[in-house]
Every structure is written in C-alpha cells, then in structure tokens.
Amino acid sequence: QHQHMKNISTVFIDLDDTIWWFSENSLISLRHVYNVFSIAHFCPDYEWFKSVYTTKNKELWDLYHYGMISTDFLKTERFRFTLWKTGYKGNCVELAKRMDEEYLSFLSLQSTLVPGAKELLEYLVDKGYEVNVLSNGFKNVQSRKLKSAGVAHHINRIILSDDCGITKPMPGIFEYALCVCGASPAT
C-alpha cells in the first residue's frame, strides 16, 4: 500500500464540504440574505423559504455539473425561482441578482472548516505533497473562502471549472488540472 504513495507528489482536493464546510456556511449566509432583504415581509416562514431555495439550488447545481446551464443562470435562477414561489410581486430577476451578490459576498467571509480538514491539509503539506484545490465553485468566491478560513497558505493552486469551461465529473477538468500542475496520473 505505502509503496504507491512514494511516487505521488501532487494531490487534488475538493473545496466545498471537503475542506470548507459549505453546508454550514451556506445556511448562515442564506439566513443573512433573508434578513438583509427583509424577506419576512412577504414570506414569514423562513424554514419554507430555505427549503424551496435549497431544493432549487441542488437541482440547478446538478444541471451545472453536466454543463447544461451557465454560471449566471444558476446564480440568478435559484433566488428568482424562490422569490416567485413566495409570491413576491416586484421584479424577481432584479432582486434575485442583488440577493445572489450579497449571498456570495457574505458566504466567502465564512470560516467554518469541515472537522479535521485543517489537520488533513497540515499533514499533506508536512509530508511534502503539493496540495491543489479542484472545484466547480465560482472563481471570485473560492479563493476568498480559503483566506477566510485561514488555510490558503496550504494550497498551491486553485483549479476551477470556471478556468477551463469543463465541470467535474467530466474527464476534461482532471486532464486540465494535471496539465496546469505539470503532473501525470498515478499508475
């Protein structure tokens, strides 16, 4: 078993819910958006709001992973759809864009890591591995998450689907990542 590890020098690791605790941090950020935009005025049931958003967001991410929708569509539609379901009478698209900007900006300031993630990164770096993040997340958000969580210094490169236009699990993003890092797959 350990013989193989000797040949490995480059490691790729996912960010959301692997290092940075997306599920925890996103709920804090969604509640923040609900409060900042006074959504309670037309949708007093936060749990219902959260459930509509969460279901729609997952559905959109599934489509995005398979290259079926754009980043911009995903970001606007998850809040537009949720607002529409609440019966909001204003311009859903316009408010959705503002909500998404606030959500992503607040989200990237959150610092909660998955339990054990910091120790894992320290272990890998200590053992001399080059640690890279490989993620489908958004360019302007992913590096800020690592900084907010205080682990950016452990990461060599952040490789994103945004950079190459190919999302995980498509093989192309893995080939792109290897190329960028000058690495070859372990055999």
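The values are calculated or read from the model by the stated rules, or taken from the named source; none is laboratory data. Values in this document were obtained by computation on a predicted structure and should not be read as measured data. Neighbour counts are summed over all protein chains in view; Cβ atoms, including those assigned to glycine, are modelled from backbone coordinates with ideal geometry. Just so you know, the surface numbers come from the protein's heavy atoms only, side chains and all, with ligands and any DNA or RNA stripped out. Shrake-Rupley method; radii C 1.70, N 1.55, O 1.52, S 1.80 Å.
See the values below:
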| read-out | value |
| --- | --- |
| Around Ala117: net Lys/Arg minus Asp/Glu count, Cβ-Cβ under 13 Å | -4 |
| Proximal charge balance of Trp61 [Cβ under 13 Å; K/R count +1, D/E count -1] | 0 |
| Acute angle (nearest 10 degrees) that the helix 71-86 long axis makes with the longest principal axis of the chain, alpha-carbon atoms | 30 |
| Rule-of-thumb Rg ratio for segment 118-160 [Cα; 2.2 N^0.38 Å; N residues] | 1.13 |
| Semi-axis lengths, Å, segment 8-139, gyration tensor of Cα atoms, sqrt of 5 times eigenvalues | 33, 16, 11 |
| Where only C-alpha atoms are counted, convex hull volume of segment 78-187 per residue in Å³ | 138 |
| Most mobile listed residue (Ser38, Ser29, Ser135) in the chain, GNM with C-alpha springs under 10 Å | Ser38 |
| Förster-model FRET efficiency, 22 Å R0, Ser9 and Ala152, C-beta, rounded to 0.05 | 0.60 |
| Kirkwood-based shape ratio for segment 20-97, expressed as Rg/Rh from alpha carbons | 0.96 |
| Carbon + sulfur, % of accessible area of segment 72-187 - ligands and nucleic acids excluded, 1.4 Å | 54 |
| Glu102 accessible area, assembled protein chains, probe 1.4 Å, Å² | 60 |
| Proximal charge balance of Glu77 [Cβ under 15 Å; K/R count +1, D/E count -1] | +2 |
| In order through segment 34-41: 3J(HN,Hα) via Karplus (6.51 cos²θ - 1.76 cosθ + 1.60), integer Hz, x for Gly, Pro | 4, 6, 4, 8, 6, 4, 4, 4 |
| Other-chain or far-sequence residues with amide H under 5 Å of Ile13's (modelled H) | Asn132, Val133, Leu134 |
